[in-house]
Amino acid sequence: MKAELRRFEAELIAKYRRPTPVPSPVRRGSLSSRGRARMMSKFTHATTQKAPGAIPSPPHTAGVSATQHSSFSAPATSNPPAFRNPFAPTNTGSTHTFTAPTPDYTMGAAAPLPIAYTPIRPGSHTEKHGLTKEFMMDNLDRTLFSRASANAISAKVWVVEYDKGYQTSSFDTVMKLKSAIPALIGEQIPSLDIIPPVAVTAPPNRTDSRPVGFLVTGLTKRAAQEITSENAGIWATEQIQFLAVPFEPEITKFALTLDRFTLLPNQYRIVQETIADTLISNLNVFSFVESNHDAFPLMDVNTVYEQILQSIEAEPVSLSASPSGKGGKARVVWNILITSPTQISSRHAQWIQLLKSLKYMHRLGTGGLGVPIQSPLSCNRCKIQGHVATACPLPLLPDWLGPPPITPGQSQSTTAGPSGSGSHNNGSGGNYVKQGGSSNRN
């Protein structure tokens, strides 16, 4: 039985399986050269002959795969094609390929050339009162500022050009700053970028606030520290003069300006006593200090209050007209400097408003009543609070490389006041030249 089944299976396999063709061996020289030529011509003709109606394939292009030359078109669709950047290279398959330029950060990799600037001597009146972040951002286009800040992952600072107001075209200033800043700090800054201020409501529609702060980004921490702290952050070269402050400036002692005192400039101690008497006797002031003294985190409130009272300074400023320059009589007003109990800008603003809400009177009535000027004196040249343009101390510095002082007839009718307890004397000396981050005198 098993033998019959095996025989039947063999018959089926022999009947239905196709025999595997065994190629005959080809012997070298079995065809003549003429025969091989005829055979090759027939083979070539057979492989290159096109079927009727066939679409010829395009020739293969170097650098492009053959699958890109499909003879079938993609089906039509209602979806729009993906946006293509018109400036992106498209001829990558050509022998003339486009290569995007690579920024050359090696240009000028060596330390920049030295640059001369006016040295700020110790004791010069150069505190940058009022150059706060709130001042820089007042009426500033927040959209541009937000985008610039988001892209600036490195250190950044504010820069204010001296003797310039709001600029609708800032190209010249930006180019000068890009040249001066690396030279002053003595290092190349490949990522340096400067964003000019753009007003939300541009002048003349709003003339009370014209942003003047340039945002300088792409700095190293060392460069940001040096440009804002060395030389008091005040730089005067032959090409440009500017003031640099940190992106988050520290709060200075300048508080307010008092008017109507009947005191001479040399009676500054009476003004100091008057301020102290007023603060001691006011419960609202003590309550504020008790709740907001982060500037003195390790001290009890009584010690903090004592420190604030001891920090009071009074600086006289002689005016021959009103602060606005529109009439008025000659008199002396007083800048009041007090250490703020807080370094939080929003709380400091509340502190200033509290001080401006008070009336200042000596316990003996000496000097009369002092009334705060709600809009403090402000210089339209350096933008520092506490003086006006004709009393700007910067042009009076020895070897000043910027614009000369303004006389009362040129601008506001004011004159610089005599020195009091808070005044400072200027030093003397020559310009400085910056070389590799160090200062050398000419």
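Would you say PHE242 is at pLDDT 95 or above and surrounded by 20 or more Cβ atoms within 10 Å (Cβ to Cβ)? Answer is yes for this residue.
Let's see how each residue does on (1) of a type outside the set (Asp, Glu); (2) in contact with a helix residue (DSSP H, G or I) (Cβ under 9 Å, 6 or more places away or on another chain); (3) crowded, with 18+ Cβ neighbours inside 10 Å; (4) within 25 Å of GLU315 (Cα to Cα):
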{"position": "SER229", "(1), (2), (3), (4)": "yes, no, no, yes"}
{"position": "ALA236", "(1), (2), (3), (4)": "yes, yes, yes, no"}
{"position": "ILE251", "(1), (2), (3), (4)": "yes, yes, yes, yes"}
{"position": "THR262", "(1), (2), (3), (4)": "yes, no, no, yes"}
{"position": "ASN266", "(1), (2), (3), (4)": "yes, no, no, yes"}
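Do we have ALA389 as of a type in the set (A, V, I, L, M) and under 23 Å from GLY213 (Cβ atoms) here? Here the answer is yes, as ALA389 does meet what is asked. Every listed requirement among (1) within 20 Å of THR126 (Cα to Cα); (2) out of contact with any strand residue (DSSP E or B) (no Cβ under 6 Å at 6 or more places or on another chain) is met by LYS253 save one, (2).
Table: residues versus (1) modelled with pLDDT of 95 or more; (2) among the aromatic types (Phe, Trp, Tyr); (3) under 38 Å from the mean Cα position of the chain (by Cα).
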position: ILE280; (1), (2), (3): no, no, no
position: MET299; (1), (2), (3): no, no, yes
position: GLN310; (1), (2), (3): yes, no, yes
position: GLY325; (1), (2), (3): no, no, yes
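Scanning the stretch 226-243 for residues that are on the phi < 0 side of the Ramachandran plot, touching a residue at least 24 places away in the same chain (Cβ under 8 Å) and part of a helix (DSSP H, G or I) gives GLU226, ILE227, THR228, GLU230.
The values are calculated or read from the model by the stated rules, or taken from the named source; none is laboratory data. These numbers come from a predicted model, not from an experiment. A quick note on method: Cβ atoms are made from the backbone with ideal geometry, for glycine too, and the neighbour counts reach across all protein chains shown.
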